[in-house]
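Written out below as structure tokens is the structure these notes cover.
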Amino acid sequence: MLFHDVVATSAAVGATRARGEKTTALAELLRAAAPAEVVPVVAWLSGVPRQGRIGTGWRTLSAVRAPAAAEPGLDVARVDSLLDELAGTAGAGSAGRRRDLLTELYGAATADEQRFLHRLLTGELRQGALEGLMVDAVAVASGAGQAAVRRAFMLSGRLPETAATALGGGAEALAGVGLEVGRPVRPMLASPGDSLDAALAALGPGVVVEHKLDGARIQVHRRGDEVRVWTRTLREITDGVPELVELARDLPCETAVLDGETLALDDDGRPRPFQDTMSRFGSDTEDPGVLLSPFFFDLLHLDGRDLVDEPLATRLDVLAGLLAAGRHASVRMPGARRPSATEAAAVLDTALGIGHEGVVVKDLAAPYAAGRRGKAWQKVKPVHTLDLVVLGAEWGYGRRTGSLSNIHLGARDPEGGAPVMIGKTFKGMTDELLAWQTATFPQHADPERPEEPGVVHLRPELVVEIAVDGAQRSSRYPGGVALRFARVLRYRPDKTPEEADTLDAVRALLP
């Protein structure tokens, strides 16, 4: 298969809003791929090289000088082979070797292929082939059905390999993919709930209401004395969390797969800032600085018994038995099973009072269904809103090409200076809002600001209302603070920049 076919499909997927058309285009490409081509093709269209990070950043790629090929000639195998060589290049002379390999790759690529490669290797490939869409395409191309593909993907943790299995052997081959202790499982996710009352009404009385921590998701695997730990994105962090390894090794079992969160606590048992927790991931294990405390809320396997298809009520019973004794009792996620509305509200109040984010309401009858934000788990957190000044916007990618999308946000300086940038967001924007921004922002362009590729800098005249989950310390922005999960609610033509929220108001959201 020519690399050109992959690039053309990516462009076609990015150019349409219709999910059915996207799925059809991807499925047709997968059917045409040879067995050895499926893994790299699916990886590329999901936005990540098969090799993962290959050590080529924006600066390295910008230095490549290779005229584009006039006609498509690269095939999938050659591109994948060159990326393999790039990923494996290290040591003395590696910079020159990387430059030579990139020049060879780019020199054999057409202009469209060069642009695709650049976005792929810098992590900016957004052509619309998200995981859920690719799962649908694999199901259509293989004829195996969505349920079989999703389950195998959950248990393998790798979509390209799941696609190769599906296209090579269909539903029967996918059924052979099982949970393996030592291979991470894709985590089950929670959907945002409108309120505690709404979540309880939707799920009924058969629920558990648990604390929602401002921590990091962890998945812990134990086989004998071997313990391994992964993050939500399935990045292994075992070497950086020795206290979690020690605790898991002390559990009264031979094999186990636990799901939970970890965070750093202060001396009073309250959560420390999120950055303190994240500072441990990849830190020097000889001097961790802060200790992490785990809180487990699910159990996927115990001593030869797979539990992913069991209802949550059963999984919680088995988890309670595993963590029943000694210091392990304190690492179970706090909560209440089958609470009344009053009892559920008390759980939420307790969580917030301790300093946690809120609660998660979970259906006790639900199996473990990873990788999709269904309604079986619903997180309920207070929503904070801020009125901020728009300082700039970036031209979008993919379906947002031609639209001013990612907006730069500033808080009012309480000392009367210029607004202070505290973050960016492209979330919460409808097509109508994107069209309005694209038409309106140039009228507010700031000619005094130096030009920056892909960015329109604005005079501080527009106010936008933003919903956020909180704030965190950050050295990235001049105010020393950044927004967490910011999304646009609406613009506020009734407010002037002088009425925007101050930097002090944002800092008040810090843990």
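The values are calculated or read from the model by the stated rules, or taken from the named source; none is laboratory data. Computed from a predicted model, the values in this text were never measured in an experiment. Note that we place each Cβ from the backbone using ideal geometry, even for glycine, and neighbour counts take in every protein chain shown. Remember, those area values only see protein heavy atoms, side chains included, never the ligands or the DNA or RNA. Shrake-Rupley method; radii C 1.70, N 1.55, O 1.52, S 1.80 Å.
Observations on the structure shown:
- Of all lysines in the structure, the ones whose alpha carbon falls short of 19 Å from that of K375, not counting any fewer than 8 places away in one chain, are K212, K362.
- Euclidean distance of C-alpha centroids, the range 1-57 and the range 148-169, integer Å: 16 Å
- Estimated distance in nm for a label pair at D413 and S62, the labels positioned 7 Å out from Cα along Cα-to-Cβ: 2.7 nm
- Protection proxy ranking, highest mean first, for peptides 193-200, 432-439: 193-200, 432-439, where packing is the per-residue count of other beta-carbon atoms within 10 Å, averaged.
- For the chain, averaging the sequence separation of C-alpha pairs within contact (under 8 Å, six or more residues apart) and dividing by the residue count gives a relative contact order of 12 percent.
- For the range 470-491, the residues whose amide N sits under 14 Å from a probe point set 7 Å from the Cα of S279 along the beta carbon direction are 473-475.
- Here the calculated FRET efficiency for S330 and R19, from their Cβ-Cβ distance with R0 = 35 Å, stands at 0.15, rounded to the nearest 0.05.
- Base-10 log of normalised Debye intensity for the range 341-411 (one unit scatterer per alpha-carbon) at q = 0.11, 0.15, 0.19, 0.23 Å⁻¹: -0.57, -0.81, -0.88, -0.98
- Distance in nm between pseudo-label sites at A439 and A11 (7 Å out along the Cβ direction from Cα): 2.9 nm
- Percent accessible area from carbon and sulfur atoms, the range 225-325, protein chains only, probe 1.4 Å: 44 percent
- Label positions at R97 and V383, each projected 7 Å from the Cα along the C-beta direction, are separated by 5.3 nm.
- Scanning residues 5 or more positions from A264 or on other chains, those with amide H under 5 Å from its amide H are R272, T277, S293, with H placed 1.01 Å from N in the peptide plane.
- Between K495 and D431, the FRET efficiency estimated from the beta carbon spacing at R0 = 22 angstrom works out to 0.35.
- Normalised by 2.2 N^0.38 Å, where N is the number of residues, the alpha-carbon radius of gyration of the range 1-158 equals 1.06.
- At R0 = 22 Å, FRET efficiency that the Cβ-Cβ distance of C253 and T314 yields, to 0.05: 0.85
- The residues of the chain expose, per residue, 45 Å² of accessible area to a 1.4 Å probe.
- Centre separation in Å (Cα based) which lies between the range 174-204 and the range 437-474: 37 Å
- For the range 418-472, convex hull volume per residue from C-alpha positions, Å³: 121 Å³
- Expressed as a whole percent, the accessible area of the range 375-511 that falls on carbon and sulfur atoms is 51 (1.4 Å probe).
- Over the chain, DSSP H runs of length four or greater, each weighted -39,500 (n - 2.57), average out per residue to a 222 nm ellipticity of -10500 deg cm²/dmol.
- Across all directions, the average flat footprint of the convex hull enclosing the Cα atoms of the range 197-301 is 8.4 nm².
- Cα Rg over Rh - the range 240-357, Kirkwood: 0.99
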